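Here's the structure, in structure tokens; my notes come after.
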Amino acid sequence: MWSTTGPAVEVIAHRGASADAPEHTLEAYDLALSCGADTLELDVRPTGDGELVIVHDRTLWRTAGDARRVARCTRADLDRLDPRVRPLTLDAVVARYGDQANLLVELKDPDPAWEHGVIDVLRRHGAAERATVQSFDQDALRRMKAASPDVRVAPLFRHLPATSRRLRGLARWADGIGVWHRAIDGLLVVRAHDAGLAVRGWTANASGEVDRLLRLGVDGVITDVPGQVRATVDQVAAAQPQPVAA
């Protein structure tokens with residue numbers, strides 16, 4: 001649940017530092033962490049033979065120039081791709097970064113046949129406590145939470161009415177919400193926090209967008225430019241009045 005004891009604002013690297021490096025690559029993740037990101041955002045979907053891989057789209061066309069659907073490829077098919085465009089496996093990414101950063105794992109087109117395998121990977125590498133699972137599919141998150149109550153989950157929304165009743169309903173099973181940054185206002189943040197929900201805004205890159213989210217009091221900013229957002233967050237924190245020692 002939302003807490004005031006954590007970092008002021010979580011800087012979340014959307015597919016890594018994806019404005020400056022190819023998305024969902026080691027280069028993008030390494031750059032994000034070197035820029036001060038707190039969290040890496042990962043998109044997960046399965047291959048046809050059940051390997052969990054990190055890729056946003058249903059097909060490999062945009063990232064690898066290959067028109068095949070990920071769900072119709074085997075792990076062996078992916079292994080034959082150029083390493084520069086080959087999707088990384090979830091297991092490899094969590095093994096490399098699970099003890100360095102928080103992870104925000106998005107389920108793409110989730111299905112009961114594979115979705116809980118994400119938690120198995122996180123636990124195998126001791127990263128479950130530093131991870132949150134998000135998705136636009138609330139049924140999938142409910143299934144995950146029911147099976148693993150200790151796992152943090154956060155439904156995604158393009159728009160979310162800031163009604164206390166709706167937010168309290170979400171808080172019965174969710175730990176946070178991810179909302180399109182332009183759809184977030186002060187009332188939503190206040191009522192979400194009152195319900196015990198963390199609020200993350202996606203995907204904010206321009207300085208004005210980020211400044212607005214920080215003024216509203218969000219808990220996390222999902223961004224393609226984590227270095228810029230880190231600098232802004234640190235500037236805001238430095239400008240805050242410091243407590244006077246007794």
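Taken together, the values in this text are just the output of simple stated rules run on the coordinates, not laboratory data. Here the structure is a predicted model, which means the values were calculated and not measured. Counting neighbours? That spans all protein chains shown, and the Cβs are built from the backbone with ideal geometry, glycine included.
Using only Cα atoms, find the angle between the long axis of helix 138-147 and the longest principal axis of the chain, and express it within 0 to 90 degrees, rounded to the nearest 10.
90
Please say if the chain is rounded, prolate or oblate, where rounded means a/c under 1.5 for a ≥ b ≥ c the square roots of the C-alpha gyration tensor eigenvalues, and otherwise the choice is prolate for a/b larger than b/c and oblate otherwise? Each step should come with its number before you reach the end.
Values: a/c = 1.86, a/b = 1.41, b/c = 1.32.
Prolate shape, in that a/c is at least 1.5 and a/b is the bigger ratio.
So, with +1 on the Cβ of K and R and -1 on the Cβ of D and E, and no other charges, what is the size of the charge dipole of the stretch 96-170 about its Cα centre, to the nearest 20 debye?
360
To the nearest 20 debye, what is the magnitude of the charge dipole of the chain about its Cα centre, counting +1 on the Cβ of each Lys and Arg and -1 on the Cβ of each Asp and Glu?
Computed about the Cα centre, the dipole is about 720 debye.
Which percent, nearest 5, of DSSP beta bridges in the chain are antiparallel?
20
What ranking of 29, 97 emerges when the number of other C-beta atoms within 10 Å of each C-beta is taken as an exposure proxy, fewest first?
Numbers: 29 28, 97 22.
By the 10 Å Cβ count, ascending, the order reads 97, 29.
Between helix 186-195 and the chain, what is the angle of the helix's C-alpha long axis to the longest principal axis, kept within 0 to 90° and rounded to the nearest 10?
It works out to around 80 degrees.
Given springs between every Cα pair under 10 Å in a Gaussian network model of the chain, which of 163, 47, 203 has the largest fluctuation?
Looking only at 163, 47, 203, the biggest GNM fluctuation is shown by 163.
What dipole magnitude, in Debye to the nearest 20, does the stretch 54-186 give about its Cα centre under +1 on Lys/Arg Cβ and -1 on Asp/Glu Cβ?
Dipole about the Cα centre, nearest 20: 300 debye.
Note the angle between two axes, namely the Cα long axis of helix 115-124 and the longest principal axis of the Cα atoms of the chain, as a number of degrees from 0 to 90, rounded to the nearest 10.
Between helix and principal axis, roughly 80 degrees.
If you take the charge dipole of the chain about its Cα centre, with +1 on Lys and Arg Cβ and -1 on Asp and Glu Cβ, which of 65, 204, 102 is farthest toward its positive end?
My answer, from the dipole projection, is 204.
Return the calculated 222 nm mean residue ellipticity for the chain, to the nearest 500 deg cm²/dmol, obtained by summing -39500 (n - 2.57) across DSSP H runs with n ≥ 4 and dividing by the residue count.
-10000 deg cm²/dmol
Of 170, 47, 232, whose Cα points farthest to the positive end of the dipole of the chain (charges on the beta-carbon: +1 Lys, Arg; -1 Asp, Glu; origin at the Cα centre)?
The residue sitting farthest along the positive end of the dipole is 170.
So for the pair residue 20, residue 237, with labels modelled 7 Å out along Cα→Cβ, what separation do we get in nm?
1.8
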